[in-house]
Amino acid sequence: MSGSLIKIDEEIVTSAVANVTLGGSDWDSSYDVYMVAISNFTPATDNVSVSLRFTVSGTADSSSNYDRALKTLKANTTFSNTSSTNQTELLVGNIGTGTSESYQAIYYLYNFNNASEYSFCTLEVSARDLNGNLLGGQGGAVLTVQQATDGVQLKTTSGNIASGTFTLYGLKK
């Protein structure tokens with residue numbers, strides 16, 4: 001399936017920024033499914049959560065309409081199940097600033113161009129958390145508003161993003 005991922009937008013962070021937005025003015029509505037690839041996401045502040053919001057006309061939707069469910073497998077302890085409803089953002093991982101602490105993820109985005117459906121995503125995560133422990137996670141999230149969305153915004157719950165590579169792809173039909 002050579003050529004099935006078409007790069008739409010990419011941000012490479014090498015010095016601190018408040019957030020990364022993919023899509024918006026670069027959005028290409030000709031795809032049904034999109035993929036966001038995140039590698040080496042590291043925060044500038046220790047012990048923060050990774051936050052995800054969907055964008056509408058390039059602006060992050062901060063309404064209290066996000067729901068999520070995740071299963072996390074941890075190298076240092078048993079698994080955990082987490083879920084939340086009616087949140088203003090999707091919290092999808094806890095990371096820190098220590099050696100080798102970083103966040104990697106693949107998000108698949110669905111219904112983003114359909115104003116009659118909820119936009120939602122599935123996610124696969126691997127990370128070294130704020131205590132240096134390895135973890136992997138799988139889950140999904142939805143914005144429970146019928147509206148077209150045109151991208152994602154990633155940030156941390158406090159402070160800036162220190163570094164990382166963030167890429168948005170369209171999946172060729």
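Set against the labelled values (i) 54, 35, 33; (ii) 70, 30, 30; (iii) 41, 33, 33, Cα extents along the principal axes in Å computed from this structure falls on (iii).
Of S80, S49, S39, the residue with the greatest mean-square motion in the GNM of the chain, using alpha carbon springs below 10 Å, is S80. Averaging the sequence gap over all C-alpha pairs within less than 8 Å and six or more residues apart, then dividing by the number of residues, gives the range 1-137 a relative contact order of 25 percent.
Which of the lysines could a cross-linker span from K74 if the Cα-Cα distance has to be under 30 Å and same-chain partners fewer than 8 positions apart are dropped? Within reach: K155. A dipole drawn for the chain from +1 and -1 charges on Cβ atoms has a positive end, and of G98, I6, L171 the residue lying farthest that way is G98. In whole percent, and with a 1.4 Å probe on the protein chains, what portion of the accessible area of the range 106-173 is carbon and sulfur? Solvent-exposed carbon and sulfur of the range 106-173 make up 46 percent of the total. Summed over the residues of the chain and divided among them, the accessible surface reaches 47 Å² per residue at a probe radius of 1.4 Å. The charge dipole of the range 19-173, taken about its Cα centre with unit charges on the Cβ atoms of Lys, Arg (+1), Asp and Glu (-1) only, comes to about 280 debye. Along the charge dipole of the chain, which of A115, L143, S62 sits closest to the positive end, that is, farthest toward it, with unit charges on the beta carbon of Lys, Arg, Asp and Glu (+1, +1, -1, -1)? My answer, from the dipole projection, is L143. Among residues other than S51 with Cβ under 13 Å from its Cβ, the summed charge is +1 (Lys and Arg +1, Asp and Glu -1).
Under 16 Å from the Cα of K173, which lysines turn up, not counting those fewer than eight places away in the same chain? Correct list for K173: K7. In terms of packing, defined here as the mean over residues of other Cβ atoms within 10 angstrom, the peptides 139-145, 61-67 line up highest first as 139-145, 61-67.
The values are calculated or read from the model by the stated rules, or taken from the named source; none is laboratory data. Since we're looking at a predicted model, the values are computed, not measured. Backbone-built Cβ (ideal geometry, glycine too); neighbour counts: all protein chains shown. We work out accessible area using only protein heavy atoms, side chains counted, and drop any ligands, DNA or RNA first. Shrake-Rupley method; radii C 1.70, N 1.55, O 1.52, S 1.80 Å.
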